[in-house]
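Notes follow the structure.
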Amino acid sequence: MDEANLPNWKAHAIVGSVILLNVITLKLSAPGPWKSESFTLGLLGSVSLVFLYVAWYRVTFKRRGLIPWVDLWAEPRKSAYIVLASSIGVLSMAWYTGNHMQEILPTPTGLVMSLIGFLMLTQSVYVLLSVGPLAED
C-alpha cells in the first residue's frame, strides 16, 4: 500500500492520549446520568484505550480494521510467544492490582486487566495452535 492510501492513525492516537492523560492526571469528568464521576472516568479510560488500540492496529498492519487476523502477522509463531508472555505479565499485574492496590485504584481495575490478559492469552494459544498442531499444511 502506498503512502497516500495509508489509514490515518494519528488522530486516533492523539484523541486517545489526550483522554487518557485527563483520566490519569486531571480527572475532569461529569457525573453523567449515573451520578458518579468515577464511573465516567472509567468509561473515558476505556474509550481512550479503544482509540489507542485502533491507532496501534493501523500503524502495525497498515490497514483499517480491528481484528489482527493470523495471515496479517509477519512471524505468527514468534509474535504469539510475545503475546503469550505479555498476557502473563498483564495477568500478573491484574493480580497485584486486585490484591494490593485496591486503596489506590478503582475496585474493578483488576477485573478489567484480567479480562484483557485472558483475551491476550486466548489469542496467543489460538495462533500457536493454528500454526502448530492444527495447521492445514
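Derivation of every value follows stated rules applied to the coordinates shown; laboratory data play no part. Because the structure is predicted, anything quoted here is derived from the model rather than measured. Quick reminder, even Gly has a Cβ in these numbers, built from the backbone with ideal geometry, and neighbours come from all protein chains shown.
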Which angle from 0 to 90°, rounded to the nearest 10, does the C-alpha axis of helix 10-21 make with the longest principal axis of the chain?
-> 40 degrees
Cα centroid separation - the range 90-137 against the range 22-70, whole Å | 18 Å
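With charges only on Cβ, +1 for K and R and -1 for D and E, what is the dipole size of the chain about its Cα centre, in debye, rounded to 20?
Working: 9 positive and 8 negative charges, 63 e Å.
Charge dipole of the chain: 300 debye, to the nearest 20.
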Per the helix-only model, the chain has a calculated mean residue ellipticity at 222 nm (DSSP H runs of ≥4, -39500 (n - 2.57) each, divided over all residues, rounded to the nearest 500) of -21500 deg cm²/dmol
Calculated FRET value between LEU66 and SER92, using beta carbons and R₀ = 22 Å, to 0.05 | 0.25
Cross-link reach from LYS78 to lysines, straight Cα distance under 29 Å and at least 8 residues apart if same chain, gives LYS10, LYS62
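Give the longest segment of the chain that steers clear of trypsin sites (Lys or Arg not before Pro) in DSSP loops with at most 16 neighbouring Cβ atoms within 10 Å, not counting the sites themselves. Mind dumping the intermediate values first?
Details: sites that count: LYS27, LYS35, LYS62, ARG63, ARG64.
Longest gap between qualifying sites, sites excluded: 65-137.
Label the range 1-81 by shape, choosing from rounded, prolate and oblate, from the square roots a ≥ b ≥ c of the eigenvalues of the Cα gyration tensor; if a/c is under 1.5 it is rounded, and otherwise prolate applies when a/b is larger than b/c, oblate when it is not. Write out the running numbers ahead of the final one.
Values: a/c = 3.16, a/b = 2.10, b/c = 1.51.
It is prolate, given that a/c is not under 1.5 and a/b is the larger ratio.
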Which of PHE51, ALA11, THR40 sits closest to the plus end of the dipole of the range 9-74, meaning its Cα is farthest towards the positive end, when Lys and Arg get +1 and Asp and Glu get -1 on the C-beta?
-> ALA11
